[in-house]
Each structure stands twice: as structure tokens, then as C-alpha cells.
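The values are calculated or read from the model by the stated rules, or taken from the named source; none is laboratory data. Just so you know, these numbers come straight off a predicted model, no measurement behind them. Quick reminder, even Gly has a Cβ in these numbers, built from the backbone with ideal geometry, and neighbours come from all protein chains shown. Each accessible area value is taken on the protein alone, full model and side chains, heavy atoms only, with ligands, DNA and RNA left out. Shrake-Rupley method; radii C 1.70, N 1.55, O 1.52, S 1.80 Å.
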Amino acid sequence: EADIYQTPRYLVIGTGKKITLECSQTMGHDKMYWYQQDPGMELHLIHYSYGVNSTEKGDLSSESTVSRIRTEHFPLTLESARPSHTSQYLCASSFDGGNYGYTFGSGTRLTVV
Amino acid sequence: RKEVEQDPGPFNVPEGATVAFNCTYSNSASQSFFWYRQDCRKEPKLLMSVYSSGNEDGRFTAQLNRASQYISLLIRDSKLSDSATYLCVVNLYQAGTALIFGKGTTLSVSS
């Protein structure tokens, strides 16, 4: 049973729309992450948070923004979606920064038309 | 040079075969290591951590060579259900970093 939840599972949206991808975890983990993965490619870190009110950009440049107002919630927002944003977005969490790996949500598959 | 490099796939093997995946990492400061499994269009799931002494979990054996910055995964007696992409993952475990994922090696086991 998943302890980290992402919604929506699939999203098709028009160019220029604002969208928010939701991620929530019930494990009380302080550390949360957003990765982007194109088909057949590696995961790339786009944002991470080490706790409430802490957010940082990852290695991959992204036009998205994140917030961390509550420990369990780490939403990702795109102010104006473009076709280049079409990808899979994976949220993950850990309690110690990764010494025991991360737990991933099921992902959101985003298509911008 | 990519931080984590893996054998190019796909590996196509019959049931019962033994298959080995290799991975190299570029940063000698890397401190923890993992193999993840990712099924098609699914999220990655932790398969096993990799320890310096080597470790085994059923049909799966992982090895780490810090001097060569090399990680391996051996799967014995392959099952159809082992078909997936296997991701090599390292953690620098420093402030401001996160797990770094390899591109993955795809395994296809056939009957």
C-alpha cells in the first residue's frame, strides 16, 4: 500500500494553462523530492525540500515551482504549461536524505497539447 | 561524463539464465548505493542496497568495489517477472544533493 500519493495520475492540458501536481506522504518524512523522467531516460532532480519552508532547485533547470507549507505536502506548479513540459513527474520522500533509499509515488504523466 | 553510467541494454535472456549488470560512478565521495527496479511506465522501487562487503537477497547479489567505483547486480535463475529496467543509484549524502540515477538497463526474460 502506497504511503506517498500523487494526483492526478494522468493529465492532458492545453498550452498556457496553470497546473499543480499534488504529492502527499503519510510517513512523516522531512525530505521530499521531485524528479522528471522522459521515456527511456534517467530521472532528473528538479526540486527538493529538507523540511517545512525549505525548497531548493535541483540539477535540471525547470520552469516549475514548489512549496512546502506542511511536512506531508509538496506540490509542484507550472504557471504556464508548454509542450516541452510533457513528461513523467515523480515525487519521492525519505527520512534521512537517502541512506535507505527513497520511496516514490506512482507519478503524474503530463501531456501538454 | 555522466555521474552514473550503466551497461547499455537491452539484455534479452531465457528463463533460468544468469545475468549481470554493471555500473560505474564518477564521484569518489559517493557514500551509499542502490539498485532500483522500474517496470514500464511505473515508479522506481528499491530492489536492494549495496554494501561494501557485498550482499545477497534470494536470487539477487549486489557487489560494490569502491576502489574501481564499480557496482554490479547479478540475477540468478531469471524469471519472466524479472523483466524490467534496473537502475543503478548513488547518494553523495552531502547537503544539497539527492540520489543520482543511472539511465537504467532493460532486461527482457523470455520463456
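With every protein chain present, what is the per residue accessible area of the protein assembly as shown (1.4 Å probe, Å²)?
Values: 10570 Å² over 224 residues.
Heavy-atom SASA per residue in the protein assembly as shown reads 47 Å².
For chain B, give me the percentage of DSSP beta bridges that are antiparallel, rounded to the nearest 5 percent. Intermediate results must be reported in sequence, preceding the final value.
Values: 37 of 41 bridges.
If I count the DSSP bridges inside chain B, around 90 percent turn out antiparallel.
Heavy atoms only, probe 1.4 Å: what % of the accessible area of the protein assembly as shown goes to carbon and sulfur, would you let me know?
On the way: 5210 of 10570 Å².
Answer for the protein assembly as shown: carbon and sulfur cover 49 percent of the accessible area.
Compute for chains A and B the buried accessible surface, both sides summed, probe 1.4 Å, and express it in Å² to the nearest 100.
Rounded to the nearest hundred, the buried surface is 1800 Å².
Taking K and R as +1 and D and E as -1, what net charge do the other residues with C-beta under 13 Å from the C-beta of A:Lys18 add up to? Before the final figure, lay out each step's value.
Working: positive: A:Lys17, A:Arg82; negative: A:Glu63, A:Glu79.
Combined, the nearby Lys, Arg, Asp and Glu give 0.
To one decimal place, what orientation-averaged projected area in nm² is obtained for the convex hull of the Cα set of chain B? Walk me through the numbers on the way to the answer.
Values: hull surface 27.9 nm².
The directionally averaged projection comes out at 7.0 nm².
Calculate the mean, over all residues of peptide A:43-50, of how many other protein chain Cβ atoms lie within 10 angstrom of the residue's Cβ.
Whole-number average of other-chain Cβ neighbours for A:43-50 is 3.
How do the peptides B:74-82, B:51-59, A:86-94 rank, highest first, by the average count of neighbouring beta carbon atoms within 10 Å per residue? Don't skip to the end; give the middle numbers.
Numbers: B:74-82: 14.7, B:51-59: 11.2, A:86-94: 22.9.
The packing order, highest mean first, is A:86-94, B:74-82, B:51-59.
Run through the DSSP bridge list for chain A and note the antiparallel percent, rounded to the nearest 5. Write out the running numbers ahead of the final one.
On the way: 31 of 35 bridges.
Among the beta bridges of chain A, antiparallel pairing accounts for roughly 90 percent.
Return the unpartnered cysteines for chain B, using a Cβ-Cβ cut-off of under 4.7 Å.
B:Cys40
With respect to the cross-link table entries A:Lys17/B:Lys103; A:Lys17/A:Lys57; B:Lys45/B:Lys79; A:Lys31/B:Lys42, which display a Cα-Cα separation exceeding 20 Å?
Numbers: A:Lys17/B:Lys103 31 Å; A:Lys17/A:Lys57 22 Å; B:Lys45/B:Lys79 18 Å; A:Lys31/B:Lys42 22 Å.
Long pairs (Cα-Cα over 20 Å): A:Lys17/B:Lys103; A:Lys17/A:Lys57; A:Lys31/B:Lys42.
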